[in-house]
Amino acid sequence: MNILEVRDLKVHFPLNRRFFGPPRDWVRAVDGVNLDIRRGETLGLVGESGCGKTTLGRTIVRVYEPTGGSIVYKGVGGEESNLALLSRKELALFRRRIRMIFQDPQSSLNPRHPVLQIVGEPLIVNQRMSGKRLEERVAELLIKVGLRPEYLHRYPHAFSGGERQRIGIARALALDPELVIADEAVSALDVSVQAQTINLLMELQGEFSLTYLFVAHNLSVVRHVSDRVAVMYVGKIVELADTEELYTNPRHPYTEALLSAVPKPDPRLRNKGARIRLTGDVPDPAHPPGGCYFHPRCRYAEERCRVEAPILRDITPGHSVACHRSDELKLLGVRG
Amino acid sequence: MSAKPLLEVENLHTHYFTDEGVVKAVNGASFSLAKGETLCLVGESGCGKSVTARSILQLIGVPGRIVSGSIRLHRDDGVVDIASLDARGKEMRAIRGARISMIFQEPMSSLSPIHPIGEQVAEVIRLHMRVEKEEAQERAVTMLRRVGIPQPETRLKSYPFEMSGGMRQRVMIAMALSCTPSLLIADEPTTALDVTTQATILDLIKDLQEELGMAVLFITHDLGVVAEIADSVAVMYLGQVVERAECDAIFHDPKHPYTQALLRSIPKLIVDGDRHLESIKGMVPHPFQRPSGCPFHPRCERRLANVCATLDPPQEWVGERHGVSCLLYSDVEKLKQRQSAESV
């Protein structure tokens, strides 16, 4: 059962805005994304910087206004609401159910507020909680994320990076959300702390039956936490499959290249297997190339790829890919 | 790989004297680097790896200072101890940028935003070599072409903001290598880049290293990158090198409990069943609250009661080129005797 159904979502930002008349150009940060998130799963969203993964995550919570398309949220009882069309007032209910965890705990926590206020803010705003009850609830949340409840009155500067990220997680959990969008939630952390935080997120998922949209660029981390993975390139989803399937049997040349670029933590695997090196940069989303956006960097590109844009289609149940040649190509995944 | 040493760092101490107390950023680090070798310095943030690198170039700002230890650089005309040189002196300035050069994590903040990149590369060349402006310009073009910047003649006039992250890092590499240094220090040069760009930059550094025969001191926290490029590895924790060995030994026969724990905590592309990651409990201690004895003992699963908290672990050689600073590999009784003899 799906918790969220994103259909043909477009987020375009105006560029070179003029004083009168329409803007000259648009950055197509998210350009026609279709995506289902199932209740209780972790959906990984990967891609290079500038591919639109953060914009997609933020648009779901309506930090950015969608230009077109729909974001349908399905409640436990089956009721449906299109988040893209709701007014600010109507959105308030869903702001409780969908929460975000940000990448940089340094800049997402107000340095002038104590933990009590940072974590308690959603409770104060949404449930008018105050005084003793608020303190108890925040202390309870701190324990859940592995922080000492005595730290209630400390300020963010008194915590390490990993602890700050836990504060961010506690804040996200304050209102018992259903869907949590974790935007590069562990990217800024050191390996040992990163492992602790990943474990914490997975434990909390079981305990509170959370659904995660896990946005990240680190493919090893995504493999660890995700049930399914979507790969994004220049505002579009190019491949989506179960984690195991996507990593061992990628069907899009971009996914293959991404996987082959990940450094493997074993010197004995060095120089083994064909390395694929992508040349050139990610295209400018304001002026993407014609046809398949990936064709200038694709080593399998042929004439058709230059003119005709591929659409995302199912090739096997649960595995969809946007590539003209996915049926004929033999692509390498991760072995082992 | 020749066994001839190029750089030997011994018992280096770099401390910062702040108003709140002394931060012992580097506290007795030792390692050596042979000609043409790639040494990876790994560790978590705050372990002192960047300060070590900056000490080698004498780039420590106030209130920091190299307190003791030596950094011996072997040159054709003899050995020089960098730690004893005047940071602003003529000799140090001749080493910095020419013999040893450095690239940084964030190329945008190390390049000047108001000068075209051609001018910036040519400036380094003119500083260290007696060449005319035109010749420096030509060399800059050659270097930019060598690092894979398309149409370098026209790109000379570009400003850093007009380039992508990967291209900027290439410009930094061109600058760093324009005087053919014998040692390149790369401080997290690929951390801010995407995996695909990272892979091409690592390839580029490797190719250039082979071509120019320089040694590379590569600082990173990413063990995947280490496995890809290192000849040997030094693992740092709280300002000390706790284990150093050849790359294969670090990954397949790690001795120090910290190295072992670090390796277990990395998420891998190949997952077998269990999705729970082993993690190191606790966190890196605050610099003002350094544990006594072995700096890792409060987080260590194999610590010895009454031993690890009191004795400083000396470096022991467990293999030909495999050193480890852990009391599990030391003769504890002997150390205790020596310590009590010293205190008398």
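Only the coordinates and a few stated rules stand behind these numbers; no lab work does. This is a predicted model, so every value here is computed, not measured. All Cβ positions, glycine included, derive from the backbone under ideal geometry; neighbour counts span all protein chains shown.
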³J(HN,Hα), Karplus 6.51/-1.76/1.60, whole Hz, each residue of the stretch B:125-133, x for Gly, Pro: 5, 6, 5, 9, 10, 7, 10, 6, 4
Entries of B:LYS4/B:LYS206; B:LYS206/B:LYS281; B:LYS133/B:LYS206 with Cα pairs more than 27 Å apart: B:LYS206/B:LYS281; B:LYS133/B:LYS206
Chain A, relative contact order [Cα under 8 Å, separation at least 6], %: 20 percent
Cut-off under 5 Å, modelled amide H: who pairs with A:ALA29 long-range: A:VAL11, A:PHE13
Low-density loop positions, GluC sites (Glu not before Pro), the stretch B:254-344 - DSSP coil, at most 16 other Cβ in 10 Å: B:GLU278, B:GLU301, B:GLU320
Estimated [θ] at 222 nm from DSSP helical runs (n ≥ 4, -39500 (n - 2.57)) normalised by residues in chain A, nearest 500: -9500 deg cm²/dmol
B:THR180 versus B:GLU106: modelled label distance in nm, points set 7 Å from Cα along the beta carbon direction: 3.5 nm
Trypsin sites (Lys or Arg not before Pro) lying in DSSP loop within the stretch B:278-344, provided at most 16 other Cβ fall within 10 Å: B:LYS281, B:ARG302, B:ARG321
Distance between modelled label sites at B:SER292 and A:GLU244, nm, 7 Å Cα→Cβ extension: 5.3 nm
Relative contact order %, chain B, counting alpha carbon pairs below 8 Å whose residues are six or more apart: 19 percent
Reachable lysines, given that their alpha-carbon falls under 18 Å from the alpha-carbon of A:LYS53 and they are not under 8 places away in the same chain: A:LYS10, A:LYS236
Protection proxy ranking, peptides A:131-138, A:276-283, average beta carbon neighbours within 10 Å, highest first: A:276-283, A:131-138
Long-range amide H partners of A:ILE101 with built H, under 5 Å: A:ILE181, A:ALA182, A:ASP183
Nearest-20 debye value, the stretch B:1-155 charge dipole, Cβ charges on Lys, Arg, Asp, Glu: 200 debye
Loop-located GluC sites (Glu not before Pro) in the stretch B:59-146 whose Cβ has at most 10 other Cβ within 10 Å (DSSP): B:GLU132
Simple Cβ-charge dipole of the stretch A:245-336, Lys/Arg +1 and Asp/Glu -1, about Cα centre, in debye nearest 20: 580 debye
Listed residues A:ARG325, A:ARG38, A:ARG18, most fluctuating in chain A (Gaussian network, C-alpha, under 10 Å): A:ARG18
Where labels lie 7 Å past Cα in the beta-carbon direction, separation of A:ASP25 and B:LYS281 in nm: 5.6 nm
Listed peptides A:225-236, B:206-217, A:23-34 by packing density, highest first (mean Cβ within 10 Å): A:225-236, A:23-34, B:206-217
Rule-of-thumb Rg ratio for the stretch B:145-235 [Cα; 2.2 N^0.38 Å; N residues]: 1.09
Estimated vicinal HN-Hα couplings, Hz - the stretch B:60-66 in sequence order (Karplus 6.51, -1.76, 1.60; Gly, Pro = x): 8, x, 4, x, x, 7, 6
Degrees, to the nearest 10: B:165-177 long Cα axis against longest axis of chain B: 90 degrees
